[in-house]
Amino acid sequence: MTRARSPAEEFTRVVRTVMMADAVEYTRLMQLDEAGTVKRWQAFVDHLVDQLLPGSGGSLVKSLGDGLKIELRDPRAAVRVALAMQEAIAQTHAGMAHEYRLWLRIGIHVSPMIAGRHDVYGHGLNLAARLLTLAGAGEIVVSAEVRDRLTPDIDGDLEERVAPGDLGHVVSGLLEDGGPRVVVLVDAVAAAHQ
């Protein structure tokens, strides 16, 4: 007989960086070429799990069709993985007609969470999901909390602009010359409550 676990044994409070990612216009891509889209997406997810996450302190927590929930211990590692994900997905559609290309949008936030046996929980997940919705194709949107841990790594000019829907201001810049755009939502907590 299995003994019941106490609530204290079920989860642990931790500070983690959570990354939410999804494929832009996945439904349209599935209508155009279902088998090809699934094949390219699965190859991308395999590359993420086998090549990008090992050594980064991260893991794929959940995959739901075209959506991914990834947890990492370090925000800098999270942004490095996000940039590598954008580069890898771009390579999957090199030479393809524009209408068949896969594009990612990514949201990243760091905060205290509850780590369960099979998932992570907490307000930080909701915020990362909200940041994801603010990202355009090929963009990585990070919270100010993540930005504060990245600033020395940003290579490029930062510019402030108003976020969609008057959610606050964002700071944008390029990480690595010519790479994906990283957008920082300065007042991410307020944005999550909108």
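Every number here is computed from the coordinates shown, using simple stated rules; none is lab data. Model, not experiment: these values are computed from the prediction. Methodologically, a virtual Cβ is constructed for each residue, glycine included, from the backbone with ideal geometry; neighbour enumeration extends over all protein chains shown.
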Query raised in the report: Ranked from highest to lowest mean number of other Cβ atoms within 10 Å per residue, what is the order of the peptides 71-79, 21-29?
Result: 71-79, 21-29
Query raised in the report: Along the Cα-to-Cβ line of GLU34, 7 Å from the Cα, sits a label point; which residues in the stretch 47-81 have backbone N less than 16 Å from it?
Result: 65-66
Query raised in the report: Distance in nm between label sites at HIS93 and HIS123, each 7 Å beyond Cα in the beta-carbon direction?
Result: 3.6 nm
Report summary line: Taking a ≥ b ≥ c as the square roots of the eigenvalues of the Cα gyration tensor, with a/c under 1.5 meaning rounded and otherwise prolate when a/b exceeds b/c and oblate if not, the stretch 44-153 is prolate
Report task. Could you tell me whether the stretch 79-138 comes out rounded, prolate or oblate from its Cα gyration tensor? Rule is a ≥ b ≥ c as square roots of the eigenvalues, rounded for a/c under 1.5, then prolate if a/b exceeds b/c, otherwise oblate. Result -> prolate
